[in-house]
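Only one structure is covered here, and it is reproduced in the block below.
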Amino acid sequence: MASGSVDEAMRRAITLAARGIGTTSPNPAVGCVLLDPDGEVVGEGFHAYAGGPHAEIVALAQAGRRAQGGTAVVTLEPCDHTGRTGPCSHALIVAGIARVVVAVPDPNPVASGGAATLRAAGVQVEFGVGSEEAEAGNVAWLTSMRRGWPYLIWKYAATLDGRSAATDGTSMWITSEAARTDVHALRGTVDAVIVGVGTVLADDPRLTARNLRDGTLAIRQPLRVVVDSHGRTPADALVRDGAARTWIATAAEVGAGPDGRVDLPSLLAELHHRGVRAALLEGGPTLAGGFLAAGLVDRVIGYVAPKLLGAGPTALADAGVTTIADAIDLELTDVTQVGPDLRITALPRKREG
Ligand SMILES: NC(=O)c1ccc[n+]([C@@H]2O[C@H](COP(=O)([O-])OP(=O)(O)OC[C@H]3O[C@@H](n4cnc5c(N)ncnc54)[C@H](OP(=O)(O)O)[C@@H]3O)[C@@H](O)[C@H]2O)c1
């Protein structure tokens, strides 16, 4: 079989995997393409939702007997454990698959071991094809599984002069409807949306993922998290409206840092424990400063509106930086115009030492 067809199949598997982003959590998004011994595609699938069939199982069902002696091309090492579904390693062996090509090993200690089981059954297993693209496609899940806390995206909206609200406290709506629609789509890809109690008191946001025009809620809603050391969230706050699950995370429940506020690493550890793999930090400047100072932000997405305010709070408050040499260095990865606004994506560079 030409290796070109395996590379092509892996590209297709990565595209398929992406369809599960936002719906598979706490499971990974996985894609699979099956080739028969002549290199023809005989089945493909992706993991669509937690509890549903895994990518390999969907593809095997499609291929039937044509999978025999063939190659399975998968974005993540096939699982080796029985959870809500049976082990994929076993299903591939039973189907008579001769070779399995994997992009990325499974970092989850509970599910890993698929490669060893396959090899023990005489199946040839290769790693590394398409690994960079597959990593990028599943970066939130892989990162959170490897280190035990969620992949955190800090999203903010600001004017061109970096203001996140006017002096009278108003901040709705700095950016356009197009940008806000983009944010709602982003909310649909994460498991939790996090704000500080300051934002709840100032803006009383709903924090649901919804259609801005008619208010229709997305099928899957992220957990709404209010970081609220002393339980100041009002009883009638919209985040308590029952439209989605809400967790008011207090210092008494999570633990307090040296300043008496909610300890942010403990908060993230608890969220991971609750199945959160990707989280969106939506504000405001104080909490964002806390997370950035602790080095807990993995990606920054800034929506910048072509407006000037000249005064008012900045998008980011104290993040522990007092001199330019200590500025949090970012690597710009994307700049896209969304309606009249700019969406700027950047990754914090790892600090030495
Ligand atoms: N443009 C934007 O993107 C955007 C987004 C959101 C908000 N905003 C604006 O931001 C303003 C609110 O700002 P804000 O800074 O008060 O909101 P915030 O960052 O959402 O909330 C800050 C509060 O979070 C609580 N907190 C708990 N643990 C913390 C910790 N470890 N580190 C830091 N904070 C912790 C603190 O209150 P306790 O100590 O009582 O817990 C703190 O006062 C409003 O004007 C709002 O409109 C703008």
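The values are calculated or read from the model by the stated rules, or taken from the named source; none is laboratory data. Being a predicted model, the structure only gives us computed values, none of them experimental. Ligands, DNA and RNA are stripped out before the accessible areas are found, and what is left, the full protein with its side chains, is counted by its heavy atoms. Shrake-Rupley method; radii C 1.70, N 1.55, O 1.52, S 1.80 Å.
Roughly what % antiparallel, to the nearest 5, for the DSSP beta bridges in the range 1-156? Provide the component values of the computation, followed by the final result.
Details: 9 of 18 bridges.
Bridges in the range 1-156 are about 50 percent antiparallel.
Which distance in Å, rounded to a whole number, links the C-alpha centroids of the range 232-272 and the range 26-71?
Each part reduced to its Cα centre gives a spacing of 40 Å.
With a 1.4 Å probe and every protein chain kept in, tell me what percent of the accessible surface of the chain is carbon plus sulfur.
On the chain, the fraction of accessible area on carbon and sulfur atoms equals 53 percent.
Divide by every residue of the chain the summed helix terms, -39500 (n - 2.57) for each DSSP H run of at least 4, and state the resulting mean residue ellipticity at 222 nm, rounded to the nearest 500 deg cm²/dmol.
Calculated from helices alone, the mean residue ellipticity at 222 nm is -7500 deg cm²/dmol.
Placing one identical point scatterer on every Cα of the range 42-105 and ignoring solvent, what is log10 I(q)/I(0) from the Debye formula at q = 0.27 Å⁻¹?
-1.32
Of the candidates A48, A59, A121, which one comes out as most mobile in a Gaussian network treatment of the chain with C-alpha springs shorter than 10 Å?
A121
Which of W173, W149, W141 ends up with the largest GNM mean-square fluctuation for the chain, with Cα atoms connected below 10 Å?
Judging by the Gaussian network model, the answer is W173.
Checking a compactness column here: for the chain, what do you get for Rg(Cα) / (2.2 N^0.38 Å), N being the number of residues?
With N residues counted in the chain, Rg over 2.2 N^0.38 Å equals 1.10.
Mind running the shape call on the range 132-267? Use the C-alpha gyration tensor, a ≥ b ≥ c as the square roots of the eigenvalues: rounded below 1.5 for a/c, prolate if a/b tops b/c, oblate otherwise.
rounded
Not counting ligands, DNA or RNA, and with a 1.4 Å probe, what is L160's accessible surface area in Å² rounded to the nearest 10?
About 120 Å², rounded to the nearest 10.
For the range 201-322, max minus min Cα coordinate along each principal axis, in Å, sorted largest first?
45, 40, 28
So for F127, F291, what's the accessible-area order with a 1.4 Å probe, most first?
F127, F291
Looking only at the chain, where both bridge partners belong to it, what percent of the DSSP beta bridges are antiparallel (to the nearest 5)?
Expressed as a percentage, antiparallel bridges in the chain total about 45.
Once the convex hull of the C-alpha atoms of the range 221-279 is built, how many Å³ does it hold per residue, rounded to a whole number?
Each residue corresponds to 80 Å³ of Cα convex hull volume.
With only alpha-carbon atoms in the gyration tensor, what are the semi-axes of the equivalent ellipsoid for the range 76-132, in Å, largest first?
On the way: eigenvalues 52, 46, 15 Å².
After scaling each eigenvalue by five and taking roots: 16, 15, 9 Å.
For the chain, with every protein chain kept in place, what is the accessible area per residue (1.4 Å probe, Å²)?
Result: 46 Å² per residue.
Quick one: how many Å² of H230 are accessible to a 1.4 Å probe, rounded to 10?
Roughly 140 Å² of H230 is accessible to a 1.4 Å probe.
Running a GNM on the chain with Cα contacts under 10 Å, which residue among R119, R99, R213 ends up with the highest mean-square fluctuation?
Maximum fluctuation in the GNM of the chain, among the listed residues, is at R213.
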